[in-house]
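To start, the structure itself, in structure tokens.
The values are calculated or read from the model by the stated rules, or taken from the named source; none is laboratory data. Note that the coordinates shown come from a computational prediction; the quantities given were computed from them, not determined experimentally. Reconstructed Cβ throughout: ideal geometry from the backbone, glycine too, with neighbour counts over all protein chains shown. Areas reflect the complete protein model, heavy atoms only, side chains present, ligands, DNA and RNA absent. Shrake-Rupley method; radii C 1.70, N 1.55, O 1.52, S 1.80 Å.
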Amino acid sequence: MADSKHKAVKSRFTSGSIFNHIVIMSVTGGIGLLALFFVDLADMYFLSLLGETELAAAIGYAGTILFFTASISIGLSIATGVVTAKAVGEGKDRKTRQVVMTALFFSAAIALITSIMIFPLASTLLEMLGASGRTLSLALDYLYILIPTLGFLGLGMSTGGVLRAVGDAKGAMMVTLIGSTVNLVLDPILIFGLDLQIEGAAYASAFARISLAGTGLYLIFVKHDLGILINLKIFKRNLAPMWKVAMPAILTNIATPIGNAYVVAEIASFGDAAIAGNTIVARITPVAFALFFSLSGSIGPIIGQNLGAKKYDRVKESIYASLKFIAGYTVILWPLFFFGQEFIVFLFGASADSASMIRTFSTWVVPLTMFLGILFLSNAAFNNLGHPLRATFFNVGKATVGTIPFAYYGAKLYGAEGVLIGQAIGATIFGLVGVIFCLYTIDQVVSREKNNDAKKQDLKNTSIDQPQLMPYSSARTFNYPSKEISEQSDT
């Protein structure tokens, strides 16, 4: 029952077409992510107009570290979405608000601590990746501006997780759209107008992160009325289930940039032109596959709400519908890249070595990226099914065993282009194995939940059937408050 002071929190995904829910959530989420990734691509394009290869390479090196820090925030947003969606599915409005407040405080704190730890290590990390000379100096200029804003990014991403969990796909989209618009408007002003070049791109992204967090908080507290006062006791109680998901989710997500760091280091041995080509590919990938990234964030609330509402048949249906969505999208996208690769080369004014990386990506990597999307789907399902360590296992495995040897031998056989192909083949293997194990996990969880429900019903029936031995006892009795009432009294 909703608190009389607050709006009721609706469970949107426990009825209606699963496929329609997936399409709406993924497309709206994809539009928001596409805007974010498009801004990264615009940064790359604007800087490429300055005609310095070092600028593109610097963004590539800095982006590897920023991807690592952002992955921590992504892990926190995943955990936020999981615990919030389950509370929504259970129909517990007050608990939902307490979970939301706990998640926002925790996400902001962890992101801030991460930025404090990474800032003094920036130079060392860039040198480990292979940056040197002017490229190193430019990358440091970029990082020193953006790293301190990680707290805003963490908070903004977690607000997106909350909005998706309550079914507000448009709200989550608006958060990223507003942040992207701020970035896109400020980019040419700061890069060219004020002649700040790479520092201008960094300042534009910093302001975008602040607007991202501000928009998300406004929608959560004003539109959805999800704010509530909590004390330390409530924070600790709600932190435990969130941390259970957050820690494996963070490990899962930071594994990817660690694997990417090895890829960058391997490609760096072929020179700045190869790094520049890989940077262009790295900016194109999230733009092209924004729907895959958004699907992994959208499927979680759908699974979580139906699991919380004990609608188990809809849980497995959501996986099959997602697989159809991924396959259909890839069939449409691959020809566009295959026939449009020369236009991409022309658009970025890529040199011979950089152009070769773009062509390899467009011809061979794009179709195989479908399996990376399947792996994202499986990991999202693992997190929401209460098995986050399985997501960690598959993503860490993909980032290490599925990346390092494939990239190493790819480089030996086919040079910088072979690194891209090798990485894609490794992701394909883990994507296939991951989805098979995901379907097995769903059967396992559903069977366990049904058994638990049956046991609870048996206990309830047994309790009703038993005779009352002391219906009119004169002994003093004590009526203890229920757990639900006690939770409400904590605030």
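Classification of region 321-432 by its C-alpha gyration tensor yields an oblate form. The axis ratio a/c (a ≥ b ≥ c) is 1.5 or more, and b/c is at least a/b. Estimated purely from DSSP H runs of n ≥ 4, each contributing -39500 (n - 2.57), the mean residue ellipticity at 222 nm for the chain is -27500 deg cm²/dmol once divided by its residues. Modelled spin-label separation between residue 338 and residue 233, with each label point placed 7 Å from Cα along the Cα-to-Cβ direction: 6.4 nm.
Among the protein heavy atoms, those of residue 199 account for about 70 Å² of accessible surface (1.4 Å probe, every chain in place). Peptides 181-194, 424-437 ranked from most to least packed by the mean count of surrounding Cβ atoms within 10 Å: 424-437, 181-194.
Restricting the calculation to Cα atoms, every distinct pair contributes to the Kirkwood radius of region 350-393, found to be 12.4 Å. Under a model in which nothing but the beta-carbon of Lys, Arg (+1) and Asp, Glu (-1) is charged, the chain shows a dipole of about 2260 debye around its Cα centre. Roughly to the nearest percent, how much of the accessible area of the chain is carbon and sulfur, given a 1.4 Å probe? Carbon with sulfur: 67 percent of the solvent-accessible area.
Among the listed pairs 95/324; 170/455; 86/223; 95/398, which are separated by more than 31 Å between their Cα atoms? Long pairs (Cα-Cα over 31 Å): 95/324; 170/455; 95/398.
Working ranking of peptides 57-63, 292-298 by packing, defined as the average number of other Cβ atoms within 10 Å per residue, highest first, is 57-63, 292-298. Treating each Cα of region 245-293 as one equal point scatterer and applying the Debye formula with no solvent, the log10 of I(q)/I(0) at q = 0.17, 0.31 Å⁻¹ comes out as -0.65, -1.05. Between residue 447 and residue 429, full extension at 0.36 nm per residue minus the direct alpha carbon distance yields a gain of 3.7 nm.
Average accessible surface for the chain: 44 Å² per residue, computed with a 1.4 Å probe over protein heavy atoms with every protein chain in place. Applying 1/(1 + (r/R0)^6) with r as the Cβ-Cβ distance of residue 310 and residue 117 and R0 = 51 angstrom yields a FRET efficiency of 0.75. Taking Cβ atoms as reference points and 14 Å as the exclusive limit, the residues near residue 193 contribute a net charge of -3, counting Lys and Arg as +1 and Asp and Glu as -1. In this rough spin-label picture, where each label sits 7 Å from Cα along the Cβ direction, the residue 269-residue 132 distance is 1.5 nm. Taking all protein chains together and a 1.4 Å probe, the residues 334, 364 rank 364, 334 from largest to smallest accessible area. The three principal axes of the Cα atoms in region 179-258 give end-to-end lengths of 51, 38, 18 Å, sorted in falling order. Ranked by solvent-accessible area (1.4 Å probe, protein heavy atoms only, all chains present), the residues 45, 320 order from largest to smallest as 320, 45.
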